[in-house]
Amino acid sequence: MCAAAVALSATSALASGAGARAAASTYYRLVQYPGAGFSGFYSQIARARHTIDMEMYELADPIAEQDLAAAAARGVRVRVLLDSAFSGAAVNNSAAAYLTAHGVAVRSAPAGYIFHIKATSFDAATSDVSTANLVSKYYAGTRDAEIIDTNPAQVRAIEQTFANDWSAAPAGAPRSQTVQASGLVWSPNTGSGTAENALASEIGAAKKRIDFESEELSDAAIYGALAADARRGLSCRVVMTNSSEWDTAFAAVTAAGCHVHVFPDSSTALYIHEKLILDDRGTAGESLLIGSQNASVTSLTRNRELGVLLTRAHGGAAVIASAGATFDSDFANASPWMASSRTPSPQPAPTTAACHPLSRAGNCYEPGEDCSDADHRLTGVAGDGEAIICEDDNGWRWEPN
């Protein structure tokens, strides 16, 4: 794999008509983990002179925490918004206490929403959009990636969304983006279509080949789109960490002709946490979507998430090539998924109509989400057809039953 960050020259996403020309700026860099390590991220904190704005699902990295405190001490305005609705709450308490004691402004994200986003902006000029949580114990063995984004329109939109979320926390709700920017995929976002639609459309837009990597694959719209690509005769490849949770999806896509390769779920194997869609690599229409969104209904429709879409037409060829080379390596080093006795026979994609109970917004629940007082000990069915139960596991949540 390529461990170094890869720079690319991009064409302005806002340029059009006679004013369109190659941008002199370098808008994007791709950092690939675990090979690159996090020293570059620490250096970004150290170089900040005015502001650092971070939205993070999980923060348990003593070096990053110390660097953020040092930035605050030298006069940088540092604001950190941390998830409080799911596992982030327990993980983040120590970091929140340390940062608060050292002059960093810390807030909990709006209650009742999972803030799975991993985005940090520096001096209102650069935004890191990552698939990686800042939990140092996982760095060495986890496949993740990050886009370092200096596209002014995108950075402005990311900063405005941070400001909205910061103002809403902790009692408010995340809002659809008031500043839009081409190439950003947000969750939740009802203004311009859901992230579920965006990811399914990106998969469906492929003409020759589709490569997919994710921690999760339970959203029927997503694995249905992969299966549809394979049935159309496209080269379809999937790389993930093996789990029985994804057996229904794996069975559906392999029956359609996709090649699914998996790493074992063990402490000695590479863990796939990256969320990546590669379309038509090596052609004029190639594109890359990478960000925090997992292929689950909750992640794509309810959580706060962020992804970045790059295309060759907007200067993404070098980043796409590098991400593709790493995907090729992962696919080669993983093993073909084999249906086992626990695997259901391939079946049509489940529909959300069968799920129950529904949230107040009319959505299916997924494992890991908070459940209401009225649902304590109630059993139900998640959006992907999985049996769930509302039980107390350090907080009342829907869990696999």
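The values are calculated or read from the model by the stated rules, or taken from the named source; none is laboratory data. Computed from a prediction, not measured in an experiment: that's the story for all the values here. We place every Cβ from the backbone using ideal geometry, glycine too, and count neighbours over all the protein chains shown. For the accessible areas, the whole protein counts, side chains as well, though only heavy atoms, and no ligand, DNA or RNA atoms are used. Shrake-Rupley method; radii C 1.70, N 1.55, O 1.52, S 1.80 Å.
Take F41: with every protein chain present and a 1.4 Å probe, its accessible area is about 10 Å². T100 contributes an accessible area of around 80 Å² to the protein surface, as traced by a 1.4 Å probe with all chains present. Would the stretch 62-190 count as rounded, prolate or oblate if I go by the C-alpha gyration tensor, calling it rounded below 1.5 in a/c and otherwise prolate when a/b exceeds b/c, oblate otherwise? Cα axes put the stretch 62-190 in the rounded bin.
What is the sum of charges, Lys and Arg at +1 and Asp and Glu at -1, for the other residues whose Cβ falls under 10 Å from the Cβ of G282?
Numbers: positive: K208, R209, R281, R312; negative: D280, E286.
Here the count lands on +2.
A Gaussian network model of the chain, with springs between Cα atoms under 10 Å, assigns the largest mean-square fluctuation among A387, A48, A332 to A332. Which helices, counted as full DSSP H runs in the chain, have an axial Cα extent of no less than 15 Å and a Kyte-Doolittle average of 0.0 or above? Qualifying helices: 62-73, 87-101, 220-231, 317-333.
What is the percent carbon and sulfur in the accessible area of the chain, measuring with a 1.4 Å probe over the protein chains and ignoring ligands? Intermediate values should be presented prior to the final figure.
On the way: 8300 of 15930 Å².
Solvent-exposed carbon and sulfur of the chain make up 52 percent of the total.
Comparing G307, G285, G224 in a Gaussian network model of the chain (Cα springs below 10 Å), the most mobile by mean-square fluctuation is G285.
Just the accessible area per residue of the stretch 92-141, please: how many Å² with a 1.4 Å probe?
Values: 1910 Å² over 50 residues.
Each residue of the stretch 92-141 exposes 38 Å² on average to a 1.4 Å probe.
Both the radius of gyration and Dmax for the stretch 220-280 are 11.9, 37 Å, in that order, over alpha-carbon atoms.
Other residues with beta-carbon under 12 Å from the beta-carbon of S136 carry, at +1 per Lys or Arg and -1 per Asp or Glu, a net charge of -2. Rank A132, A269, A249 by mean-square fluctuation in a GNM of the chain with C-alpha springs under 10 angstrom and give only the top-ranked residue. Judging by the Gaussian network model, the answer is A269. Solvent exposure of C355, expressed as accessible area, is near 10 Å², computed with a probe of 1.4 Å over the protein chains only.
Heavy-atom accessible area per residue, the stretch 195-278, 1.4 Å probe: how many Å²?
Details: 2850 Å² over 84 residues.
Heavy-atom accessible area per residue stands at 34 Å².
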